[in-house]
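*Asks:* Quick one: the structure is below, questions incoming.
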């Protein structure tokens, strides 16, 4: 409901803007908001759904007749990873070749208003990283053929886990002004500061963009446990042992009494 | 029913985890083994990252073994001197194991190694147990009395600095149990097992310990070495998930009680045969997993 209310506010804001004639030819602007600026991972966390929405503010309120081209990208912090491929060695599947990617986003979801190939040209797609084919993963090892193969492998793997996704043509548009898209965040999502980026695209080129941050972090008990494990490893380990011993001892007592 | 695990960083159905702990607890209550060799692979099948599965399983084993160890202690079934030597060995092994663990992680071969070692160990131990129980079953069927295998191992007898272990009724070099402890400690760190399934047969067949102190001493060693392993993993890799270990423990405690009751209705021979079959089945399942084309050819290794 919170999302819907904000959506209405955005609508009102645009209507107001439309009513006032602009003095000069202002560029097209994007107004955007998200349903949640912060996602707390608590013990009941099963993933979340982000609603990214907003409005396109046209100069002098001249709303064009054709459907605007839009892309919404939600991405998580990039991190270096090593991707390994299994091969059969002496009848057993073991990891053999590997390629290192310096900037693989822990989460990446893109929703567009049209198929990516027809929406945006290759140059703009590469600059803004619109679409899984255009992610700048910065591979630092391996030759060309190997990198291409491993990149495909990584994309397939992350698509299956829901960490990377592409939803072509899944942006909802109202009167060519209001837009909205739903982005699913799976439970195995990495924590960190994310960004939601909205691109307005005309004739294959990005003509306006807006970005807004989203914080995904563990909260409450989950956060407490995680921080304790990271920063006080020794104490955490001793407490874990203590709890395990206590539980085992209590169980033994209960059993002896019965 | 879902619960987010703070260290494993994913949400699980907590009933499944408690059930899994219960199943393993049932088997461990029934057969008198720790069950870590089942917990770790099952957690990995369920999707828990292997490093977290191994570390948290060690924590669970500490809790699962302590009441048994205390019970044996009260009955005088723990050889403290032998246990002390085994623990010393276990700590050395755990330290070595964590170096090997990190090295394998860097090579990206930790998963394959865990699986391979499981297949080899469980295959060997399970195979031997199976052969032994089938033989004994046949012999009992013929009416002959089961013969005890009380091996006098010439290599172990040749080791220096012999000392007396009164409770175990042994006069052997402490080097043998020290080495045994080290091997088991290494397995605890790398594979998340208590190692009872190796300790117990090795204490009986290799060291020749008297049966009344074998299980108690083995549990005694397991409590200390798995506790040390938990601390080691917490400090080095932050992979101990308290919530996961707690869920396993709840299931394990309940399951163990049912297991103990079930065991009282079955003959020990059949129990051993059953355990052997389960061990072999796990080994075969893991071996098939290694040989079949994996569902995912690629795997991601985080920043390291």
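The values are calculated or read from the model by the stated rules, or taken from the named source; none is laboratory data. Computed from a predicted structure; not experimentally measured. So basically every Cβ, Gly included, is an ideal-geometry build from the backbone, and we count neighbours across all protein chains shown.
*Asks:* Of the residues B:295, B:276, B:262, which is part of a helix (DSSP H, G or I), surrounded by fewer than 17 Cβ atoms within 10 Å (Cβ to Cβ) and either touching a helix residue (DSSP H, G or I) at 6+ places or on another chain (Cβ under 8 Å) or within 11 Å of chain A (Cβ to nearest Cβ) (or both)?
*Replies:* On the way: B:295 fails: part of a helix (DSSP H, G or I); B:276 fails: surrounded by fewer than 17 Cβ atoms within 10 Å (Cβ to Cβ).
None of the others qualify; the one that does is B:262.
*Asks:* What tally of residues in region A:86-106 results from selecting those that are without any contact (Cβ under 8 Å) to a residue 12 or more places away in the chain and in a strand (DSSP E or B)? Give the derivation first.
*Replies:* Step one: of region A:86-106, the residues without any contact (Cβ under 8 Å) to a residue 12 or more places away in the chain are A:86-95.
Within this subset, residues satisfying the condition of being in a strand (DSSP E or B) are A:86-89, A:92-95.
Residues flagged as without any contact (Cβ under 8 Å) to a residue 12 or more places away in the chain and in a strand (DSSP E or B) within region A:86-106 amount to 8.
*Asks:* Under the condition of being in contact (Cβ under 8 Å) with a residue 40 or more places away in the chain and out of contact with any strand residue (DSSP E or B) (no Cβ under 7 Å at 6 or more places or on another chain), which residue from region A:183-209 is farthest from the other protein chains (Cβ to nearest Cβ)? Even if it seems obvious, please write down each step before you answer.
*Replies:* If we filter region A:183-209 for residues that are in contact (Cβ under 8 Å) with a residue 40 or more places away in the chain, which is where we start, we get A:183-187, A:189-202, A:204-209.
Within this subset, residues satisfying the condition of being out of contact with any strand residue (DSSP E or B) (no Cβ under 7 Å at 6 or more places or on another chain) are A:186, A:190, A:205.
Numbers: A:186: 9, A:190: 7, A:205: 34 Å.
Checked region A:183-209; the qualifying residue farthest from the other protein chains (Cβ to nearest Cβ) is A:205.
*Asks:* Let me ask something additional. May I ask you to verify whether residue A:97 is surrounded by fewer than 18 Cβ atoms within 10 Å (Cβ to Cβ) and within 14 Å of another protein chain (Cβ to nearest Cβ)? It would help to see each step written out before you state the result.
*Replies:* Values: surrounded by fewer than 18 Cβ atoms within 10 Å (Cβ to Cβ): yes; within 14 Å of another protein chain (Cβ to nearest Cβ): yes.
Answer is yes for this residue.
*Asks:* Testing residue A:91 on (1) within 14 Å of chain B (Cβ to nearest Cβ); (2) buried (at least 16 other Cβ atoms within 10 Å of the Cβ); (3) touching a helix residue (DSSP H, G or I) at 6+ places or on another chain (Cβ under 8 Å), one condition comes back false. Which one is that?
*Replies:* Among (1) within 14 Å of chain B (Cβ to nearest Cβ); (2) buried (at least 16 other Cβ atoms within 10 Å of the Cβ); (3) touching a helix residue (DSSP H, G or I) at 6+ places or on another chain (Cβ under 8 Å), residue A:91 violates only (2).
*Asks:* Given the condition touching a residue at least 60 places away in the same chain (Cβ under 8 Å) and in a loop (DSSP other than H, G, I, E, B), answer yes or no: does some residue in region A:210-226 qualify?
*Replies:* Yes: one or more hits.
*Asks:* Quick one: is residue B:202 away from chain A (no Cβ under 13 Å), farther than 21 Å from residue B:71 by Cα and either touching a helix residue (DSSP H, G or I) at 6+ places or on another chain (Cβ under 8 Å) or modelled with pLDDT of 90 or more (or both)? Break it down into steps so the answer makes sense when it comes.
*Replies:* Values: away from chain A (no Cβ under 13 Å): yes; farther than 21 Å from residue B:71 by Cα: yes; either touching a helix residue (DSSP H, G or I) at 6+ places or on another chain (Cβ under 8 Å) or modelled with pLDDT of 90 or more (or both): yes.
Taking the combined requirement at face value, the residue satisfies it.
*Asks:* Yes or no: region B:228-243 includes at least one residue that is part of a helix (DSSP H, G or I), more than 20 Å from residue B:100 (Cβ to Cβ) and within 14 Å of another protein chain (Cβ to nearest Cβ). Full working, then the answer.
*Replies:* Going residue by residue through region B:228-243, those that are part of a helix (DSSP H, G or I) are B:228-236, B:242-243.
Now narrow it down to the ones that are more than 20 Å from residue B:100 (Cβ to Cβ): B:242-243.
Those left that are additionally within 14 Å of another protein chain (Cβ to nearest Cβ): B:242-243.
Yes, region B:228-243 has at least one match.
*Asks:* Give the residue that is nearest to the chain's Cα centre (by Cα), with candidates limited to residues of region B:93-122 that are over 16 Å from residue B:192 (Cα atoms) and assigned to a helix (DSSP H, G or I).
*Replies:* The initial filter retains those residues of region B:93-122 that are over 16 Å from residue B:192 (Cα atoms), namely B:103, B:106-109.
Keeping just the survivors that are assigned to a helix (DSSP H, G or I) gives B:103, B:106-107.
Working: B:103: 22, B:106: 25, B:107: 25 Å.
Looking at the filtered set, the residue picked out is B:103.
*Asks:* Could you list all residues from region A:132-163 that are closer than 15 Å to residue A:106 by Cα, in contact (Cβ under 8 Å) with a residue 24 or more places away in the chain and in contact with a helix residue (DSSP H, G or I) (Cβ under 7 Å, 6 or more places away or on another chain)?
*Replies:* Hits for region A:132-163 are A:132, A:137.
*Asks:* Right, something else. Find the residue count for region B:10-41, including only residues that are assigned to a helix (DSSP H, G or I) and under 14 Å from the mean Cα position of the chain (by Cα). Talk me through it step by step, then tell me what you get.
*Replies:* Of region B:10-41, the ones assigned to a helix (DSSP H, G or I) are B:14-31, B:36-41.
Still in the running and under 14 Å from the mean Cα position of the chain (by Cα): B:24-25, B:27-29, B:31, B:36-41.
Adding up the residues that qualify gives 12.
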